[in-house]
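Chemist: Have a look at the structure that comes next, please.
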Amino acid sequence: MADPRTRVRELAAEYIRKGDQLGWFEALYQEAESGDAAIPWADMEPNPRLVEFWKSHPLKTAGKPALVIGSGLGDDAEQLAAWGFKTTGFDISKTAIEKTKKRYPKTQVEYVVADLFHPPQAWIRSFDFVLEIYTVQAFTGELRAKAVEAIAQFVAPGGLLLVIARGRGEGETEGPGPPWPLTREEMDGFRRAGLTEELFEDYAEPEPPWVRRFRALYMRR
């Protein structure tokens, strides 16, 4: 089996050459299902940066609707449900959603195959909490800004959006990707999309390889 991140970059490059920045997700999950590849971001547990945030900033849930962008194999969506949210998770990969339902046969989460750029109309400004981890950094070029705008539109009035991503300085190159780390200016796209920045953290991981992270909380006021 090839190195997981190398295979992701090969598939992404292949589909970008075809003019399809979305197709490689399903291709990767299909390869993973057959045992020919691995999903490098699928740790089979909730993202530790989400859990860390929650310990410091617990929110009221009480059955409030929550949405997980690019829910993958479901660990983050299941965590939100465990905290009390009425959770929906969506992914463009049909294989990912099918795998998730097999992993969690008794789930309380509604898992849906959906396209970020063509979502159900009923989702617009309908969620009190939206979680975005690593999706925007999987896009490049104009599609990245469009992804930021698309994600912001899900936040209901008074609702919150938590974004976790790799970060880079304005003068730093993106490097080989995906992931293509985001700049502060790119993160500010959420403010330009109508949200208010409540918190912004720019930090390095405490252990090697000391990856730079952005973690930000936005609200629609």
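Chemist: Around Arg9, under 13 Å between beta carbons, what's the net of Lys plus Arg minus Asp minus Glu among the other residues?
Modeler: Counting the neighbours of Arg9, the net charge comes to -1.
Chemist: Compute from the Cα atoms of the chain the Rg and the Dmax, the latter being the longest Cα-Cα distance, and quote both in angstrom.
Modeler: 16.5, 48
Chemist: Just want to confirm a number: the relative contact order over the chain, from Cα pairs under 8 angstrom separated by 6+ residues, in percent.
Modeler: That works out to 15 percent.
Chemist: Lysines near Lys101 by alpha-carbon distance under 20 Å, same-chain residues fewer than 8 away left out - which ones?
Modeler: Candidates past the 8-residue exclusion: Lys86.
Chemist: Would you kindly state how much longer the chain becomes between Arg9 and Glu142 on full extension, computed as 0.36 nm times their sequence separation minus their alpha carbon distance, in nm to one decimal?
Modeler: Stretched out fully, the Arg9 to Glu142 stretch lengthens by 46.0 nm.
Chemist: Taking the Cα-to-Cβ direction at Gln121 and at Glu45 and moving 7 Å from each Cα, how far apart do the two end points lie in nm?
Modeler: Label at Gln121, label at Glu45, 4.4 nm between them.
Chemist: May I ask you to derive the FRET efficiency for Lys102 and Arg17 from their Cβ-Cβ distance with R0 = 35 Å, giving the value to the nearest 0.05?
Modeler: Computed FRET efficiency for Lys102 and Arg17 comes out at 0.60.
Chemist: Sorted by average packing, counted as other Cβ atoms within 10 angstrom per residue and highest first, what order do 166-173, 81-88, 19-26 take?
Modeler: The most tightly packed comes first, giving 81-88, 19-26, 166-173.
Chemist: Along the charge dipole of the stretch 43-219, which of Thr135, Ile124, Gly175 sits closest to the positive end, that is, farthest toward it, with unit charges on the beta carbon of Lys, Arg, Asp and Glu (+1, +1, -1, -1)?
Modeler: Toward the positive end, the furthest listed residue is Ile124.
Chemist: Determine the equivalent ellipsoid of the stretch 58-179 by diagonalising the alpha-carbon gyration tensor, then write out the semi-axes as square roots of 5 times the eigenvalues, largest first, rounded to whole Å.
Modeler: 24, 17, 14
Values quoted throughout were computed directly from the atomic coordinates according to the rules given, and no laboratory measurement underlies them. In this text the structure is predicted, and so the values were computed from the model without any measurement. Neighbour counts run over all protein chains shown; Cβ positions are idealised from the backbone, glycine included.
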